[in-house]
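What follows is calculated from the coordinates using simple rules that are stated; it is not laboratory data. Here the structure is a predicted model, which means the values were calculated and not measured. Glycine gets a Cβ as well: all are built from the backbone with ideal geometry, and neighbour counts include every protein chain shown.
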Amino acid sequence: MSDGKQVGIVLVSHSGPVAESVAELAKGLAAGGATAPVAAAGGTPAGGLGTSAELIAEAARSVDGGAGVALLVDLGSAVLTVKSMLAEGDELPDGSRLVDAPFVEGAVAAVVTASAGGDIAAVEAAASEAYEYRKL
Amino acid sequence: MLDADFFHRWMTAAAALVSREADHLTDLDAAIGDADHGSNMLRGFAAVTAALGKEPPQTPGAVLMLAGRQLISTVGGASGPLYGTLLRRTGKALGDAPAVAPEQLAEALGVGVAAVAQLGGAQAGDKTMLDALLPAAEALGTSFGSAREAAEAGALATVPMQARKGRASYLGERSIGHQDPGATSSALLIAALAETGAADGSGA
């Protein structure tokens with residue numbers, strides 16, 4: 001727990017609708033009541049496929065409550081854009097980190113954990129653990 | 001010595017080459033990628049020239065760092081963070097000197113190329129930008145002209161390679177026989193440097 005502050009979650013996808021839908025799914029599965037702040041940053045500002053550093057920075061600021069921001073990403077440019085923004089140092093709020101996790105399952109685990117008051121390390125661990133869940 | 005204005009002219013020349021070759025880049029990308037490399041690079045370099053024109057930075061390092069930042073925020077594809085990192089790290093390595101020697105640029109470009117390799121996790125032979133940039137950075141110690149030749153040869157050498165990074169890698173063996181779009185645009189960036197050097201006689 002970090003004095004009532006919740007970790008913010010940012011979902012970065014190559015596609016706007018994918019990011020929005022996964023955010024809805026994760027919030028829906030995080031049980032009733034209020035969840036930790038979740039923001040989607042998918043596609044380009046014009047609505048096309050791709051990644052926008054501006055949308056990511058805006059989403060991260062919108063969910064930053066001082067307890068850290070966990071960024072989950074899907075493909076190619078989403079991964080590279082977040083990595084290069086973190087390397088820059090001033091484009092994302094303090095305590096932001098890229099979480100190595102499967103996008104959908106990791107997002108659900110991250111939102112559930114953050115909503116329960118888990119700190120950034122717990123959120124990251126829960127999201128990464130989603131890789132362990134085998135389907136066969 | 002190469003001053004901020006030289007670096008500004010380099011970026012302007014790169015934007016012109018990208019604009020001239022945008023359709024070719026997109027055609028190459030249509031074969032093994034998602035057919036947006038030309039338009040992405042065009043958008044990115046248009047933003048670079050606009051930003052540099054609005055408030056021209058005073059040092060070579062600052063020119064490249066501003067250009068890199070523009071590419072990361074406007075390209076929209078993986079080439080944005082990759083080229084952005086290349087220019088930003090190269091610019092950072094140049095520090096805040098008002099002018100730099102070609103040898104310093106060669107060394108700084110080596111730092112930038114290494115940062116690209118680290119960000120993308122690729123190495124020589126993976127059919128990526130690095131196949132043009134690694135030999136170019138190496139040859140830049142000799143002259144701008146040799147760097148250009150090395151980059152162009154490196155881009156051509158990607159044709160028989162099988163892609164091991166990015167979307168093209170999903171194609172497996174079907175990526176063989178196509179020139180890599182990223183290596184091709186990297187060769188344009190180095191060609192723009194050679195053109196800028198030749199125009200003011202600083203390339204020898």
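Mean-square fluctuations from a GNM of chain B, with a 10 angstrom spring cutoff on Cα atoms, peak among B:18, B:159, B:48 at B:159.
If you take the Cα centroid of region B:84-152 and the Cα centroid of region A:79-98, the two points sit 23 Å apart. The count of lysine pairs in the protein assembly as shown that are at least 8 places apart or cross chains, and whose C-alpha atoms lie under 19 Å apart, stands at 4. Our summary of shape: the Cα atoms of region B:2-197 have principal axis extents of 48, 32, 27 Å, ordered from largest down, in whole angstrom. Comparing B:17, B:82, B:188 in a Gaussian network model of chain B where C-alpha atoms under 10 Å apart are linked, the largest mean-square fluctuation is found at B:17. Each Lys and Arg adds +1 at its Cβ and each Asp and Glu adds -1 at its Cβ; summed about the Cα centre, region B:2-197 shows a dipole of about 460 debye. Using a cutoff of 8 angstrom between alpha carbon atoms and counting only pairs six or more residues apart, the relative contact order for region B:1-77 works out to 37 percent. Charge tally for residue A:14 (other residues, Cβ to Cβ under 14 Å; Lys, Arg +1; Asp, Glu -1): -3. Every helix of 4 or more DSSP H residues in chain B counts as -39500 (n - 2.57), and over all residues that averages to -23000 deg cm²/dmol at 222 nm. Taken along the Cα-to-beta-carbon direction at a fixed 7 Å, the label points for residue B:55 and residue B:31 span 4.3 nm. Dividing the Cα radius of gyration of the protein assembly as shown by 2.2 N^0.38 Å, with N the residue count, gives 1.04.
Considering only B:109, B:22, B:72, and ranking their Cα positions along the charge dipole of region B:5-147 that arises from unit charges at the beta-carbon of Lys, Arg, Asp and Glu, the one farthest toward the positive end is B:72. Where does helix B:37-54 land angle-wise versus the long Cα axis of chain B, in degrees 0 to 90, nearest 10? Tilt relative to chain B: about 10 degrees. Dipole check for chain A: with +1 at the C-beta of Lys and Arg, -1 at the C-beta of Asp and Glu, and the Cα centre as origin, the magnitude is about 320 Debye. Out of A:106, B:183, A:66, whose Cα points farthest toward the positive end of the dipole of the protein assembly as shown (charges: +1 Lys, Arg; -1 Asp, Glu; placed on Cβ)? Ranked along the dipole, the leading option is A:106.
Percent of Cα pairs in region A:8-132 per distance bin of 10 Å, from zero to the largest separation: 16, 51, 30, 3. Axis angle, to the nearest 10 degrees, between helix B:181-200 and the longest C-alpha principal axis of chain B: 30 degrees.
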